[in-house]
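**Q** Submitted below is the structure of interest, expressed as structure tokens.
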Amino acid sequence: MDGDKVRDVTAALDVLPGYHYPLPSSDVLIANLDAVRERIDAIRDNAPSLPLAAIKLLSPVANPGKLIAAPVNYGKHLEEVRGTPELHHHNQVAAIQRAGLFLKATSSLSGPGEGIALRQLHRRNDHEVELAFVVGRRAINVSRHQALEHVAGYCIGLDITIRGPEERSLRKSPDTYAVLGPWLVTADEIRNPGVLDLRVAVNGEVRQQSNTRHLLLGVPELIEYASSFYTLFPGDVVFTGTPEGVGPINPGDIIVACVEGIGAMEVAVRAA
């Protein structure tokens, strides 16, 4: 990016290898990110410049094999959930170490330019701002001490949630309920993901504001935990959890989510 402009480096995708069915389990771009970045460096100066405002921002990861999410991973949010029946519905009050992780449908993935299309409008739909990271290298049984070597980069995540008694994976998996963006900031730009401010505002009102230092399980611990159960592939996305202050959203709302070192993304809310 150059200020409020971006370089169109789509031509760099020519370095991606061709595939035949069956397709790989990983996202092709993320699996070949080093080669793509090298090509970008070679063509960037002569690439056309476009105004950011004229571009529809999609998810920076197109084909993740998994969308993994960490529930109640901030202490104050756990207290908030335990103290609010409308949030816990008498069945979701365990700490993350006991609750574990959950999966969101990959079909729920969207970019900030696509907006959020709310379903089940007779029920409460909530915003949850999160730091999200993208796996860059295959990982299985990875120690927390080597975990950050397996991160391709970081994004802002919005884990949109329908409140109710059902399993999290169902209520958090409608189309557009996993917003990722506004772009991928590569891991070399964020050396320590455990000290980042994050916040979200709805229609100009700040609802959530915290720092990733308050995560119960940080990025290295989440990689260690997740990779002890299943293989993490390049392109898998992990939503690290949301702080206290979750609240309802409605059609017509405008959400602005920010994470330090990444930037901000504006997301419009509509009815499905």
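The values are calculated or read from the model by the stated rules, or taken from the named source; none is laboratory data. Here the structure is a predicted model, which means the values were calculated and not measured. All Cβ positions, even for glycine, are placed from backbone atoms using ideal geometry, and neighbour counts span all protein chains on display. To get the accessible areas, we keep the full protein, side chains included, count just its heavy atoms, and leave off ligands, DNA and RNA. Shrake-Rupley method; radii C 1.70, N 1.55, O 1.52, S 1.80 Å.
**Q** I'd like the full set of residues that are within 17 Å of R207 (Cα to Cα) and open to solvent by 10 Å² or more (accessible area, probe 1.4 Å), limited to region 88-127.
**A** If the condition is that a residue be within 17 Å of R207 (Cα to Cα) and open to solvent by 10 Å² or more (accessible area, probe 1.4 Å), then R124 is the only one that fits.
**Q** Every residue in region 218-235 that is part of a loop (DSSP other than H, G, I, E, B) and over 18 Å from G111 (Cβ atoms), please.
**A** Hits for region 218-235 are G218, S228, F229, Y230, T231, F233, P234.
**Q** Okay, moving on. Those residues that are open to solvent by 30 Å² or more (accessible area, probe 1.4 Å) and under 14 Å from G136 (Cα atoms), I need them from region 221-234; list them, please.
**A** F233
**Q** Further, regarding this structure: Are any residues in region 107-165 free of Cβ contacts under 8 Å to residues at least 40 places away in the same chain and of a type in the set (S, T, N, Q), and if so, which ones?
**A** Q146, the sole residue that qualifies.
**Q** Which one of A187, A201 is in contact with a Phe, Trp or Tyr (Cβ under 8 Å, 6 or more places away or on another chain) and free of Cβ contacts under 8 Å to residues at least 60 places away in the same chain?
**A** Step by step, each of A187, A201 is checked, and only A187 is in contact with a Phe, Trp or Tyr (Cβ under 8 Å, 6 or more places away or on another chain) and free of Cβ contacts under 8 Å to residues at least 60 places away in the same chain.
**Q** Report, by residue number, each residue of region 166-216 that is among the charged types (D, E, K, R), within 22 Å of E114 (Cβ to Cβ) and part of a helix (DSSP H, G or I).
**A** Listed by number, the list holds a single entry, R171.
**Q** Let me ask you something else. When region 3-52 is examined, which residues are found to be farther than 30 Å from R138 by Cα, open to solvent by 80 Å² or more (accessible area, probe 1.4 Å) and either within 22 Å of the chain's Cα centre (by Cα) or among the charged types (D, E, K, R) (or both)?
**A** Listed by number, the residues that qualify are D4, K5, D45.
**Q** Pick out the one residue from E130, E167 that is more than 20 Å from S227 (Cβ to Cβ) and either modelled with pLDDT under 95 or in contact with an Asp or Glu (Cβ under 8 Å, 6 or more places away or on another chain) (or both). Working first, answer last.
**A** Numbers: E130 fails: more than 20 Å from S227 (Cβ to Cβ).
Within the list E130, E167, the selection yields E167.
**Q** Within the set of pairs 6+ apart or on separate chains, which have a first residue in region 218-236 that is closer than 12 Å to V134 by Cβ, a second that is at pLDDT below 95, and C-beta atoms under 7 Å apart?
**A** Once the first residue is closer than 12 Å to V134 by Cβ and sits in region 218-236, its partners that are at pLDDT below 95 give F233/S25.
**Q** For region 236-268, which positions are aliphatic (A, V, I, L, M), part of a strand (DSSP E or B) and open to solvent by less than 10 Å² (accessible area, probe 1.4 Å)?
**A** Answer for region 236-268, where residues must be aliphatic (A, V, I, L, M), part of a strand (DSSP E or B) and open to solvent by less than 10 Å² (accessible area, probe 1.4 Å): V237, V238, I255, A257, V259, M265, V267.
**Q** Every residue in region 235-271 that is touching a helix residue (DSSP H, G or I) at 6+ places or on another chain (Cβ under 6 Å) and among the small types (G, A, S), please.
**A** G235 - this is the single residue of region 235-271 that is touching a helix residue (DSSP H, G or I) at 6+ places or on another chain (Cβ under 6 Å) and among the small types (G, A, S).
**Q** Same structure again: Could you check region 177-197 and list, in sequence order, the residues that are of a type outside the set (A, V, I, L, M, F, W, C) and touching a Gly at 6+ places or on another chain (Cβ under 8 Å)?
**A** Matches in region 177-197: G181, P182, T186, E189, P193, G194.
**Q** Could you grab me the full set of residues in region 81-135 that are part of a loop (DSSP other than H, G, I, E, B) and of a type in the set (S, T, N, Q)?
**A** T84, N91, Q92, Q120
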